[in-house]
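Asker: First, the structure itself, so that you have it in front of you.
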Amino acid sequence: MLRAAVLSLVLLAGISCQWSPAKHDTGSERVHAARVPTAFQTQAPAPAEGRPGPVVSGKFAAWPAATFDSPFAALAEKVQPAVVNVNTRKTFEHPPVRRRDNSAPFNPFDDSDAFEYPSSASGFVFDPRGYVLTNHHVVENADDIRVQFMDGAEYQVEVIGVDPSTDIAVLRILESGDFPVAELGNSDSIRVGEWAIAVGNPFGYLGGSVTVGIISALGRDDLDIMGGTPAYQNFIQTDASINFGNSGGPLFNIRGQVIGINTAVNPSGQGLGFAIPMNLAMRMARSLLEHGRVVRGYLGILPQELSPDLALAKGMEGSEGILVGQVIADTPAERAGIERGDVIRSFNGINVARVNEFRMAVADAGVGNPCAVRIWRGGKMLEKQVVLTERPDAVVAERPGRPRGEWLGLHVTDIADEPEIARNLGVEGETGVLVLDVDPGRSAGRAGIEEGDVILEMNDAQIQNKRDYDRARGLISDSEKPIILLVRHQGFTRYVAVRP
């Protein structure tokens, strides 16, 4: 398993560029690659008059007439029309600076100066009606989003839905038309060592670039990514060259089918790129198209890894399973009779050995359907039936120009729903709601609340979970009176007054 501490990964978007990038010649010199027997081979050109043809001997002699054309040339021609540049404009504000003008003693701060930041990344059309897949971090907080095809045609798009937990966004081209579509592949069937071809817009102005490598590894799910670590990870690792600006672009197999969405890279290493599997991305896309958000199953426990010593102490053979560190009150887990200290061996027919696998299994199980949970308790196996509810912190699509975050500019969740973050912050098992995101330009951000803070009280009402938070929020009727929050920040508690 690739531990988070080993790599420092970064998201691939955020390349500043001119808003109307100059057109670039997309023609490229043919690459004469090693002979590879694939469906894309073509007959080798006849030798020049008076010159001998190529000699093929040994184990390659049984191959058809030797071909010296790149097997990837036909693939590039096939897939490039459906790949787009995703151009965005985002507005940022300089923090206010203290006024030095003594003539205005009651106006100690200048107004913030806003500025626009253009950037460009990648995406691809997956539906002929103009639906585009890209990364959430590519379009997050964007005021204006456009896509540009290789022929130079540019279109305004709208955000249909986003899922920060997997870093997926679905866009729709506003102009009607029959757009070229990328063929989708089955990412569950790929194997380590197969060809991988990345197409995208590296550095924000090299649209249509094609790079080739192999699938280096599968199932990478413990990566720490600067710029935003997705809560649900199952990355494909590839050594195909991926750079800044490739975010949201497709990763193809040798048949020209999309098997992943390029998302992150290790800038200090060679050949370490990561892509979201296509099957996972399409499950998210279908939910966004149907509901405007991703609907995930919710169990209501705080899971933790089961070490060999803990397994031995519980009388287990082997250490496969998930230890229940806490059961949240009034959740499907509590109603099903799951208890703290239980070891979950399988969920909904899937054997689980690690927390990330377990969380993915719960999220994908659906809402309202009974699921069998096999647990180890007191030296014997038990089976419980649980009916999942919807995970409470689903994110609805944010339209361009809409302020990010939720009430007061805060995006909060139950601590138990983010065990990796809770562990890193040292708040594992504690009560309160965890602040995942803060809009610095709105009231909570201006009052000094930061990502990673834990909200413990609101106007003297104790906050144990997201339900308490929503209930206390609903009791606020005076829109002018400041809201008093008790916040734990880096191990210390403090009161913060936030104006609605």
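Asker: Taking only the stretch 356-373 into account, find how many residues are exposed (fewer than 14 other Cβ atoms within 10 Å of the Cβ) and modelled with pLDDT of 90 or more.
Answerer: 3
Asker: For V487, which of the numbered conditions (1) more than 28 Å from E140 (Cβ to Cβ); (2) touching a strand residue (DSSP E or B) at 6+ places or on another chain (Cβ under 8 Å) fails to hold?
Answerer: Here V487 meets the rest and fails (1).
Asker: Return a yes/no flag: does the stretch 103-115 have any residue that is in contact with a Ser or Thr (Cβ under 9 Å, 6 or more places away or on another chain) and modelled with pLDDT under 90. Even if it seems obvious, please write down each step before you answer.
Answerer: The first filter runs over the stretch 103-115 and keeps only residues in contact with a Ser or Thr (Cβ under 9 Å, 6 or more places away or on another chain), leaving 114-115.
Applying the additional criterion that residues be modelled with pLDDT under 90 yields 114-115.
Yes: the stretch 103-115 contains one or more residues that are in contact with a Ser or Thr (Cβ under 9 Å, 6 or more places away or on another chain) and modelled with pLDDT under 90.
Asker: Would you check which residues across the stretch 196-208 are modelled with pLDDT under 90 and either touching a helix residue (DSSP H, G or I) at 6+ places or on another chain (Cβ under 7 Å) or surrounded by fewer than 21 Cβ atoms within 10 Å (Cβ to Cβ) (or both) and list them?
Answerer: Kept after step one, since they are modelled with pLDDT under 90, are these residues of the stretch 196-208: 200-208.
Residues satisfying the conditions are F203, Y205, L206, G208.
Asker: Next up: Quick check: is even one residue across the stretch 411-427 in contact with a strand residue (DSSP E or B) (Cβ under 7 Å, 6 or more places away or on another chain) and surrounded by fewer than 16 Cβ atoms within 10 Å (Cβ to Cβ)?
Answerer: no
Asker: Mind listing just one residue for me: the one in the stretch 441-477 that is over 24 Å from Y298 (Cβ atoms) and free of Cβ contacts under 8 Å to residues at least 12 places away in the same chain and, of those, surrounded by the most Cβ atoms within 10 Å (Cβ to Cβ)?
Answerer: Within the stretch 441-477, the subset over 24 Å from Y298 (Cβ atoms) is 441-450, 457, 459-460, 475-477.
Checking which are free of Cβ contacts under 8 Å to residues at least 12 places away in the same chain leaves us with 446, 477.
On the way: R446: 17, S477: 6.
The residue in question is R446.
Asker: Could you give every pair whose Cβ atoms fall below 6 Å, whose first residue belongs to the stretch 373-392 and is without any contact (Cβ under 8 Å) to a residue 12 or more places away in the chain, and whose second residue is surrounded by fewer than 18 Cβ atoms within 10 Å (Cβ to Cβ) and not in a strand (DSSP E or B), counting only separations of at least 6 or pairs across chains?
Answerer: Between residues of the stretch 373-392 that are without any contact (Cβ under 8 Å) to a residue 12 or more places away in the chain and residues that are surrounded by fewer than 18 Cβ atoms within 10 Å (Cβ to Cβ) and not in a strand (DSSP E or B), there is no close pair.
Asker: Separate question: Considering every residue within the stretch 314-324, establish whether at least one is within 23 Å of I415 (Cα to Cα), of a type in the set (K, R), in contact with a strand residue (DSSP E or B) (Cβ under 8 Å, 6 or more places away or on another chain) and not assigned by TED's automatic domain parsing to the domain that holds T238.
Answerer: Here is the first cut: in the stretch 314-324, the residues within 23 Å of I415 (Cα to Cα) are 321-324.
Of the ones still in play, those that are also of a type in the set (K, R) are none.
The answer is no; no qualifying residue exists.
Asker: Looking only at the stretch 437-452, which residues are part of a strand (DSSP E or B) and in contact with a Pro (Cβ under 9 Å, 6 or more places away or on another chain)? Show your work before the answer.
Answerer: First, the residues of the stretch 437-452 that are part of a strand (DSSP E or B): 437-438.
Selection gives D437 alone.
Asker: Could you say which residue among G177, G193 is modelled with pLDDT under 90 and outside any strand (DSSP E or B)?
Answerer: Details: G193 fails: modelled with pLDDT under 90.
Only one candidate qualifies: G177.
Asker: Of I455, I484, I476, which residue is part of a loop (DSSP other than H, G, I, E, B) and not assigned by TED's automatic domain parsing to the domain that holds E140?
Answerer: Details: I455 fails: part of a loop (DSSP other than H, G, I, E, B); I484 fails: part of a loop (DSSP other than H, G, I, E, B).
Testing whether each residue is part of a loop (DSSP other than H, G, I, E, B) and not assigned by TED's automatic domain parsing to the domain that holds E140 leaves just I476.
Asker: Moving to a separate point now. Among the residues of the stretch 349-369, how many are free of Cβ contacts under 8 Å to residues at least 60 places away in the same chain and out of contact with any helix residue (DSSP H, G or I) (no Cβ under 6 Å at 6 or more places or on another chain)?
Answerer: Our first condition is that a residue be free of Cβ contacts under 8 Å to residues at least 60 places away in the same chain; within the stretch 349-369, this holds for 349-353, 358, 361, 368-369.
Next cut, out of contact with any helix residue (DSSP H, G or I) (no Cβ under 6 Å at 6 or more places or on another chain) only: 349, 351, 353, 358, 361, 368-369.
Final tally of qualifying residues: 7.
Asker: So which of N348, N253, N279, N262 is of a type in the set (S, T, N, Q), under 16 Å from the mean Cα position of the chain (by Cα) and either crowded, with 20+ Cβ neighbours inside 10 Å or under 15 Å from V386 (Cβ atoms) (or both)? So that I can check it myself, show each step before the final result.
Answerer: Values: N348 fails: under 16 Å from the mean Cα position of the chain (by Cα); N253 fails: under 16 Å from the mean Cα position of the chain (by Cα); N279 fails: either crowded, with 20+ Cβ neighbours inside 10 Å or under 15 Å from V386 (Cβ atoms) (or both).
One residue alone meets the criteria, N262.
Asker: Sticking with this one: Inside the stretch 125-141, can you point out the residues that are under 15 Å from S247 (Cα atoms) and assigned to a strand (DSSP E or B)?
Answerer: From the stretch 125-141, those under 15 Å from S247 (Cα atoms) are 125, 132-140; that's our starting set.
Scanning the stretch 125-141 gives V125, V132, L133, T134.
Asker: Let me ask something additional. Looking only at the stretch 266-276, decide whether some residue is surrounded by fewer than 22 Cβ atoms within 10 Å (Cβ to Cβ), at negative phi and of a type in the set (A, V, I, L, M, F, W, C). Show your work before the answer.
Answerer: Pass one, the stretch 266-276, residues surrounded by fewer than 22 Cβ atoms within 10 Å (Cβ to Cβ): 266-272.
Those left that are additionally at negative phi: 266-270, 272.
Narrowing further to those that are of a type in the set (A, V, I, L, M, F, W, C): 272.
Checked the stretch 266-276: at least one residue is surrounded by fewer than 22 Cβ atoms within 10 Å (Cβ to Cβ), at negative phi and of a type in the set (A, V, I, L, M, F, W, C).
Asker: If you scan the stretch 298-307, which residues turn out to be more than 17 Å from V327 (Cβ to Cβ) and in a strand (DSSP E or B)? First the steps, then the outcome.
Answerer: Keep residues of the stretch 298-307 that are more than 17 Å from V327 (Cβ to Cβ), which gives 305, 307.
Within the stretch 298-307, E305 is the sole residue that qualifies.
Asker: Out of the residues in the stretch 289-305 that are crowded, with 16+ Cβ neighbours inside 10 Å and among the charged types (D, E, K, R), which is nearest to L388 (Cα to Cα)?
Answerer: R296
The values are calculated or read from the model by the stated rules, or taken from the named source; none is laboratory data. Just so it is clear, the structure is predicted and the values come from calculations on it, not from any experiment. Glycine gets a Cβ as well: all are built from the backbone with ideal geometry, and neighbour counts include every protein chain shown.
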